[in-house]
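S.K.: For reference, the structure I am asking about is given below.
The values are calculated or read from the model by the stated rules, or taken from the named source; none is laboratory data. It should be emphasised that the depicted structure is a prediction, and the values quoted were computed from it without experimental measurement. So basically every Cβ, Gly included, is an ideal-geometry build from the backbone, and we count neighbours across all protein chains shown. For the accessible areas, the whole protein counts, side chains as well, though only heavy atoms, and no ligand, DNA or RNA atoms are used. Shrake-Rupley method; radii C 1.70, N 1.55, O 1.52, S 1.80 Å.
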Amino acid sequence: MSNWKNSVDPAVDYLLPIAKKAGIETAWDRYEAMQPQCGFGELGVCCRICWKGPCRIDPFGNGPQRGVCGADAHTIVARNLIRMIAAGAAAHSEHGRHIALTLLEVGEGHAPAYRIKDEQKLRKIAEKLNLAPAGKDIRQVAKEVALASLDDYSRQKRNVPCNWAKETLTAERVDKLAELGVMPHNIDAVITEIMGRTHVGCDADAVNLLLGGIKGALADYTGMCLSTELSDVIFGTPKPVITQANLGVLKEDAVNIAVHGHNPLLSEIICDVALKMNEEAKKAGAKEGINVVGICCTGNEVMMRRGIPLATNYLSQEMAIITGALDAMVVDVQCIMPALTSVAECFHTEIITTMAENKITGATHIEFREDSAVESAKKIVEVAIEAFKKRDKRKVNIPDCKQTAITGFSAEAIMAVLSKLNANDPLKPLIDNIINGNIQGIALFAGCNNPKAIHDNSFITIAKELAKNNVLMLATGCGAGAFAKNGLMTQEATEAYAGESLKAVLTALGKAAGLNGPLPLVLHMGSCVDNSRAVNVAVAIANKLGVDLDKLPLVASAPEFMSEKAVAIGTWAVTLGIPTHIGIVPQIMGSSVVVEFLTEKAKDLLGGYFIVETNPELAAAKLVAVIKERRRGLGI
Amino acid sequence: MATANENYFIYADPRKCLGCKNCEIACALAHANCDLTTAVTRGLKLKPRNSVVQVGGMVMPIQCRQCEDAPCAHACPTGAIYQEDKFVRINEGNCIGCKVCTMVCPFGAIIIAQEEKDEGNRRTKNGKARKCDLCYSRKQDNKEVSCACVEACPTKAIMLVDYESYRKKLIEERGKELVRAYSVIKA
Ligand code: SF4
Ligand code: SF4
Ligand code: SF4
Ligand code: SF4
């Protein structure tokens, strides 16, 4: 790996040599030590579903072609893949359940730390879910919405689709999916169904398995949709906010607390409590009080809603500790590297786990419960202040890297900006500009980082290329983090990289929004669970044009994906009719049937399909070509 | 006439090797005379004599080539490495862990490692040279035992090559080619 650059993030460039010198192992070291990675696993032809196994299929045809039970490569690959989808859907929907239950508590008058911050949105949701909210007390509406959402986890009638899936997609899409028998009726049941049908000796037909996976992906969509929308109700709907990103947001003279993970339930309260405990931090010697920063999607959540700066994204999470200036990292669920505690051993940093079902050996566990959220948050901040006192000044290396980032473009915020141009018909200016070609199409960037690609590089490379081609870009999750850290969520980036017509549109919108210049090059739509926000916008456009989603010049890209959640998201994007690029070779190559289905056959069935391309330049060209093809299809 | 024939050696086909390291595990277990579960539950630190490397997008295991004019055998000051019975043999008991052999081996095939079942409380670390011995150390009671890695490879990427028969086959194949060419000219 001599000529291999690990990252294009300047903060990583600065900190990695420091880590190396100190002998601190990072994800990149572990990745290198893991080479070569098992070829059977990479192909997805290794089955460990029963204990007659592990079985693996020889891709060269010399050795075994079937597992002990007789499962062939296609069955094995498809089973492995849809189990990943089930896990991804489980992760998102557990998050959603947590939020929905909290909303129920709020409606019933428990959970004193929480309230309804966006009543208007709650009422709108209630209307969408056909709950006739007019004239009802807001707490009653909260209860009804929470119960209707929880219904999506418990409905037993198989022919009644999930509320949140049915009411948020185009009617045409809902019908098509129902016809295919993939519309979920109950998130939990669909996840369970995947586990059941992939058990040894059950579903063995690769295509039938994949249809089960598609249903699981739609269950994932349902869970994330309700999770995002209900979070807005409780914590407020994001509006554009100017903030900063990258590790330079850590402060030498402050108690630095990073909130990391995915669930805003605790991080929001920590932000509140931290404000109130500033004096205690100062008493402990931190001149600037408490500095809360974000990592991964919890970071995106608090960045969007509160303008809390984003320290870093997934792959560089260890770097935050290596700065030597982080006093506590508070983690909830998902994408938290278990390595954090061993890196933290080299410093004074406290790693604090907060969820009963997510602990890490070596971390301090301070359990979080909705009814005592404030007390937990206080305890956490106290631990951080104590840790600050133990900070070794000689080990502090805060890289001088931070970028401005304009974030907070929820669907509502985008509509608000558009309505400045046309109050009666906000979508019209956007659609007009798509039709006249000023905007060629829309691309949604999502997904994680992966050491198999140069950290953040694929996001940046593809985005610059699409910008040149006048593609409007949205981003969520660690992709959004990559853009924020590397300065692509700025007005300057629009000036520098956008094609002429895109620049003109973004400038007109930015000026109308009172930004005194263009909108940023990439619009930050939130955490990875917030991908449903982009669907909201797309569905609104599709409905207005009277076409289904699979006709729109719309693409998605997850160029550095790694998690099971990303597999689920990518699959529902394809299911909704969106051509979706992935920049990491997925572990399905051992089955021609599965590969062909996902990259070709899906197109006829659903309109969407996967595009696998590891080279970011080529990927950008392919995405532009797809947008052009879709435009031709629409006759524009 | 024991040393009249050239050495056997192991050959791996990088186009078939998947880098699963199955051969490494098999080698380590074979030389420890131990099964996987026992090794893992006892926490033994097993050392394979081969090593799977990844170069230029290709993967293959590297092990001792059984050189005819073996540099390691020349260099070994204690005579622990020597030629015998179509093997470059190694007598680990005589090895003092000076690492000269590892320096002269053109393939990096030799490692110095401690005893697998090391108890630890000795005067010295007692590291010994380890290299592929074509599983000679597994042969007991003069029974033929095939190489563990060759047995373990799920894609049949590795094979034990008998130089004599390999060469004979090669000559025959080239001969056939010449004959075919000649008959074309004649016709
Ligand atoms: S389910 Fe079949 S293929 Fe999978 S491990 Fe068991 S026997 Fe092997
Ligand atoms: S160990 Fe190295 S030098 Fe010795 S015979 Fe094998 S390949 Fe040759
Ligand atoms: S390490 Fe052992 S076998 Fe190798 S040269 Fe030294 S004495 Fe000989
Ligand atoms: S077992 Fe075969 S495929 Fe696996 S690493 Fe060894 S040679 Fe390569």
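S.K.: Quick check: is even one residue across the range A:70-78 within 16 Å of ligand 1 (Cβ to nearest atom), in a helix (DSSP H, G or I) and touching a Phe, Trp or Tyr at 6+ places or on another chain (Cβ under 9 Å)? Outline the logic, then answer.
M.R.: Taking the range A:70-78 and keeping what is within 16 Å of ligand 1 (Cβ to nearest atom), we get A:70-78.
Those left that are additionally in a helix (DSSP H, G or I): A:73-78.
Going one step further and asking which of them are touching a Phe, Trp or Tyr at 6+ places or on another chain (Cβ under 9 Å), we end up with A:78.
Scanning the range A:70-78, I find at least one residue that is within 16 Å of ligand 1 (Cβ to nearest atom), in a helix (DSSP H, G or I) and touching a Phe, Trp or Tyr at 6+ places or on another chain (Cβ under 9 Å), so the answer is yes.
S.K.: Within the range A:512-529, how many residues are among the hydrophobic types (A, V, I, L, M, F, W, C) and part of a loop (DSSP other than H, G, I, E, B)?
M.R.: The first filter runs over the range A:512-529 and keeps only residues among the hydrophobic types (A, V, I, L, M, F, W, C), leaving A:512-513, A:515, A:519, A:521-523, A:525, A:528-529.
The next check asks that each one be part of a loop (DSSP other than H, G, I, E, B); those that pass are A:513, A:515, A:519, A:521.
Total satisfying the criteria: 4.
S.K.: Kindly list the number of the only condition in (1) under 20 Å from B:CYS149 (Cα atoms); (2) part of a loop (DSSP other than H, G, I, E, B); (3) away from ligand 3 (no atom under 13 Å from the Cβ) that fails for B:ASP133.
M.R.: Here B:ASP133 meets the rest and fails (3).
S.K.: Then there is this: Among residues belonging to the range B:64-74 that are touching a Pro at 6+ places or on another chain (Cβ under 9 Å) and open to solvent by less than 60 Å² (accessible area, probe 1.4 Å), point out the one that is nearest to ligand 1 (Cβ to nearest atom).
M.R.: Quick first cut of the range B:64-74, residues touching a Pro at 6+ places or on another chain (Cβ under 9 Å) only: B:65, B:67, B:71.
Retained after the next criterion (residues that are open to solvent by less than 60 Å² (accessible area, probe 1.4 Å)): B:67, B:71.
Values: B:CYS67: 41, B:PRO71: 45 Å.
By that ranking, first place goes to B:CYS67.
S.K.: Could you list, in sequence order, the residues of the range A:103-119 that are on the phi < 0 side of the Ramachandran plot, open to solvent by less than 30 Å² (accessible area, probe 1.4 Å) and hydrophobic (A, V, I, L, M, F, W, C)?
M.R.: A:LEU103, A:LEU104, A:VAL106, A:ILE116, listed by residue number.
S.K.: If you don't mind, there's one more thing I want to ask. Among the residues of the range B:66-80, is there at least one that is touching a residue at least 12 places away in the same chain (Cβ under 8 Å), closer than 24 Å to B:CYS153 by Cβ and over 12 Å from the mean Cα position of the chain (by Cα)?
M.R.: Quick first cut of the range B:66-80, residues touching a residue at least 12 places away in the same chain (Cβ under 8 Å) only: B:66-68, B:70-80.
Subsequent filtering for residues that are closer than 24 Å to B:CYS153 by Cβ retains B:66-67.
Pick out the ones that are also over 12 Å from the mean Cα position of the chain (by Cα) and you get none.
Checked against the condition, which is being touching a residue at least 12 places away in the same chain (Cβ under 8 Å), closer than 24 Å to B:CYS153 by Cβ and over 12 Å from the mean Cα position of the chain (by Cα), the range B:66-80 yields no hits at all.
S.K.: Considering the range B:25-53 alone, what residues qualify as being open to solvent by less than 30 Å² (accessible area, probe 1.4 Å) and closer than 26 Å to A:GLY61 by Cα?
M.R.: B:ALA26, B:CYS27, B:ASN50, B:VAL52 - these are the residues of the range B:25-53 that are open to solvent by less than 30 Å² (accessible area, probe 1.4 Å) and closer than 26 Å to A:GLY61 by Cα.
S.K.: To continue, here is another question. For the range A:19-50, which positions are part of a loop (DSSP other than H, G, I, E, B) and within 13 Å of chain B (Cβ to nearest Cβ)? Please lay out each step first, then the result.
M.R.: Quick first cut of the range A:19-50, residues part of a loop (DSSP other than H, G, I, E, B) only: A:22-26, A:34-38, A:44-45, A:48-50.
Hits for the range A:19-50 are A:MET34, A:GLN35, A:PRO36, A:GLN37, A:CYS38, A:GLY44, A:VAL45.
S.K.: Filter the range A:120-143 for residues that are without any contact (Cβ under 8 Å) to a residue 24 or more places away in the chain, of a type in the set (D, E, K, R) and open to solvent by less than 90 Å² (accessible area, probe 1.4 Å); which is nearest to A:VAL233 (Cα to Cα)?
M.R.: Filtering the range A:120-143 for residues that are without any contact (Cβ under 8 Å) to a residue 24 or more places away in the chain, of a type in the set (D, E, K, R) and open to solvent by less than 90 Å² (accessible area, probe 1.4 Å), the one nearest to A:VAL233 (Cα to Cα) comes out as A:ARG123.
S.K.: Tell me which strands (runs of 3 or more DSSP E) are completely within the range B:51-105 and hold 1 or more residues being away from chain A (no Cβ under 14 Å) and within 11 Å of ligand 2 (Cβ to nearest atom), or say none if there are none.
M.R.: Numbers: elements: B:51-55, B:58-62, B:81-84, B:87-90.
Filter on the range B:51-105 gives B:81-84, B:87-90.
S.K.: Related question: Identify the residue in the range A:334-353 that is touching a strand residue (DSSP E or B) at 6+ places or on another chain (Cβ under 9 Å) and open to solvent by 20 Å² or more (accessible area, probe 1.4 Å) and, among all such residues, is farthest from A:ILE24 (Cα to Cα).
M.R.: A:GLN334
S.K.: Output the number of residues of the range A:285-336 satisfying the condition of being touching a residue at least 60 places away in the same chain (Cβ under 8 Å) and not in a strand (DSSP E or B).
M.R.: Here is the first cut: in the range A:285-336, the ones touching a residue at least 60 places away in the same chain (Cβ under 8 Å) are A:285-286, A:290, A:296-301, A:303-316, A:318-320, A:322-336.
Going one step further and asking which of them are not in a strand (DSSP E or B), we end up with A:285-286, A:296-301, A:303-309, A:313-316, A:318-320, A:322-327, A:332-336.
The qualifying residues number 33.
S.K.: Got at least one residue in the range A:579-595 being more than 17 Å from A:ILE76 (Cβ to Cβ), crowded, with 21+ Cβ neighbours inside 10 Å, touching a Leu at 6+ places or on another chain (Cβ under 9 Å) and in contact (Cβ under 8 Å) with a residue 40 or more places away in the chain?
M.R.: yes
S.K.: Under 8 Å between Cβ atoms, at least 6 apart or on separate chains: pull out the pairs that start in the range A:372-391 with a residue that is within 18 Å of A:PRO112 (Cα to Cα) and end on any residue that is among the aromatic types (Phe, Trp, Tyr).
M.R.: A:ALA373/A:TYR114; A:SER376/A:PHE368
S.K.: Does A:CYS69 satisfy the condition of being away from every other protein chain (no Cβ under 14 Å) and either open to solvent by less than 50 Å² (accessible area, probe 1.4 Å) or of a type in the set (Phe, Trp, Tyr) (or both)? Walk me through it before giving the result.
M.R.: Details: away from every other protein chain (no Cβ under 14 Å): yes; either open to solvent by less than 50 Å² (accessible area, probe 1.4 Å) or of a type in the set (Phe, Trp, Tyr) (or both): no.
When the stated conditions are applied, A:CYS69 does not pass them.
S.K.: Next question, about the same structure. Please work out if A:TYR14 is away from chain B (no Cβ under 13 Å), out of contact with any Phe, Trp or Tyr (no Cβ under 8 Å at 6 or more places or on another chain) and outside any loop (DSSP other than H, G, I, E, B).
M.R.: Details: away from chain B (no Cβ under 13 Å): yes; out of contact with any Phe, Trp or Tyr (no Cβ under 8 Å at 6 or more places or on another chain): yes; outside any loop (DSSP other than H, G, I, E, B): yes.
Yes.
S.K.: To continue, here is another question. Would you mind finding the one in A:ILE431, A:ILE414, A:ILE435 that is open to solvent by 30 Å² or more (accessible area, probe 1.4 Å), assigned by the TED database to the domain that holds A:SER527 and of a type in the set (Val, Ile, Thr)? Can you show your working first?
M.R.: Working: A:ILE431 fails: open to solvent by 30 Å² or more (accessible area, probe 1.4 Å); A:ILE414 fails: open to solvent by 30 Å² or more (accessible area, probe 1.4 Å).
Sole residue among the options that is open to solvent by 30 Å² or more (accessible area, probe 1.4 Å), assigned by the TED database to the domain that holds A:SER527 and of a type in the set (Val, Ile, Thr): A:ILE435.
S.K.: Additional query: Report, by residue number, each residue of the range A:144-160 that is acidic (Asp, Glu) and open to solvent by less than 60 Å² (accessible area, probe 1.4 Å).
M.R.: A:GLU144, A:ASP152 - these are the residues of the range A:144-160 that are acidic (Asp, Glu) and open to solvent by less than 60 Å² (accessible area, probe 1.4 Å).
S.K.: Of everything in the range A:39-62 that's at pLDDT 95 or above and open to solvent by 70 Å² or more (accessible area, probe 1.4 Å), which residue is nearest to ligand 4 (Cβ to nearest atom)?
M.R.: Checked the range A:39-62; the qualifying residue nearest to ligand 4 (Cβ to nearest atom) is A:ARG48.
S.K.: I would also like to ask the following. Any residue at all in the range B:115-122 that is within 11 Å of ligand 3 (Cβ to nearest atom) and under 23 Å from B:PRO61 (Cα atoms)? So that I can check it myself, show each step before the final result.
M.R.: Taking the range B:115-122 first, the residues within 11 Å of ligand 3 (Cβ to nearest atom) are none.
No: the range B:115-122 contains no residue that is within 11 Å of ligand 3 (Cβ to nearest atom) and under 23 Å from B:PRO61 (Cα atoms).
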